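The values are calculated or read from the model by the stated rules, or taken from the named source; none is laboratory data. Given the structure is predicted, the values throughout are model-derived calculations rather than measurements. Neighbour counts run over all protein chains shown; Cβ positions are idealised from the backbone, glycine included. Accessible surface is based on the protein model in full, side chains and every heavy atom, while ligands, DNA and RNA are left aside. Shrake-Rupley method; radii C 1.70, N 1.55, O 1.52, S 1.80 Å.
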Amino acid sequence: MTADLNELTRPTEFLDYETDEVQAFVDHAVKDRSAAPTTNATELYYAVRDGIFYEVYDADLSPEGLKASSTVRAKSGFCLHKSAVYAAAVRAVGIPSRLVYGDVRNHLASPRLIEHIGGDVFFHGLTQVHLNGKWVKATPVFNKMLCKLYGMEALEFDGTSDSLYHPYADGGGSMEFLKDHGSFDDVPYDFVIATMRAKHPNFLSGTGTVAGGSLAAEAQ
């Protein structure tokens, strides 16, 4: 492991895996911390994907709210929150990680959410992990139950190839990536919030998102 990769296994302000909350989450998710990195990365992927519910409404976008420990405690959040949890969790078992942000089309969304967002292009967060000598992208964001409600296939991950393009259950294509904003060693808070405010001003209120809703209920 190079010095640069060593830096990417350390805790940060937002990837605060030294906290009791994240340590307990990791202990519950992985069978053996000394197992192969690919095994632990895969187990943690599914723990984040399905153990933390994807919810955009009432989500806390304050600096405290975007910390991995806060999301683990809340047991819910959307892509910005869940990507940070996964990045923190894999670092806790010695796997280098980075956060990746981009603009996507055909995101899982309800008509109400699309109205608040202002269209079908969304600012999106995911994670890169370094396994078997290369970087792979992982998106443990949309939990399996929510994907089923919205007619999407849940993304799988085996630790060897990118988990990136959400396919639709009816075979009608997949999520489209429009712009890559780059990778970051920690949550670039000012950039994330400035981008959210510029792209989705009607979705934000103070340091949180639109209150009073349920993405699962809106799929009914």
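Yes or no: R105 of a type in the set (D, E, K, R) and more than 19 Å from D185 (Cα to Cα)?
Judged against the criteria, R105 is a match.
Given S69, S34, S62, which one is small (G, A, S), within 24 Å of E13 (Cβ to Cβ) and more than 15 Å from the chain's Cα centre (by Cα)?
Only one candidate passes the filter, namely S62.
Would you be able to tell me the number of residues in the stretch 1-23 that are touching a residue at least 12 places away in the same chain (Cβ under 8 Å) and of a type in the set (G, A, S)?
So the count comes out to 0.
Of all residues in the stretch 1-32, count the ones that are out of contact with any Leu (no Cβ under 9 Å at 6 or more places or on another chain), in a helix (DSSP H, G or I) and open to solvent by 30 Å² or more (accessible area, probe 1.4 Å).
Final tally of qualifying residues: 10.
Just to verify a result, which residue in the stretch 107-131, among those that are open to solvent by 10 Å² or more (accessible area, probe 1.4 Å) and either modelled with pLDDT of 95 or more or under 16 Å from the mean Cα position of the chain (by Cα) (or both), is farthest from A59 (Cα to Cα)?
H130
Criterion first (among the small types (G, A, S) and either buried (at least 23 other Cβ atoms within 10 Å of the Cβ) or touching a strand residue (DSSP E or B) at 6+ places or on another chain (Cβ under 9 Å) (or both)) does A92 satisfy it?
yes
Which count do you get for residues in the stretch 132-149 that are touching a Phe, Trp or Tyr at 6+ places or on another chain (Cβ under 8 Å) and surrounded by fewer than 21 Cβ atoms within 10 Å (Cβ to Cβ)?
Adding up the residues that qualify gives 1.
Is there a residue in the stretch 33-45 that is more than 28 Å from C147 (Cβ to Cβ), of a type in the set (S, T, Y), surrounded by 14 or more Cβ atoms within 10 Å (Cβ to Cβ) and out of contact with any Cys (no Cβ under 9 Å at 6 or more places or on another chain)?
There is no residue in the stretch 33-45 that is more than 28 Å from C147 (Cβ to Cβ), of a type in the set (S, T, Y), surrounded by 14 or more Cβ atoms within 10 Å (Cβ to Cβ) and out of contact with any Cys (no Cβ under 9 Å at 6 or more places or on another chain).
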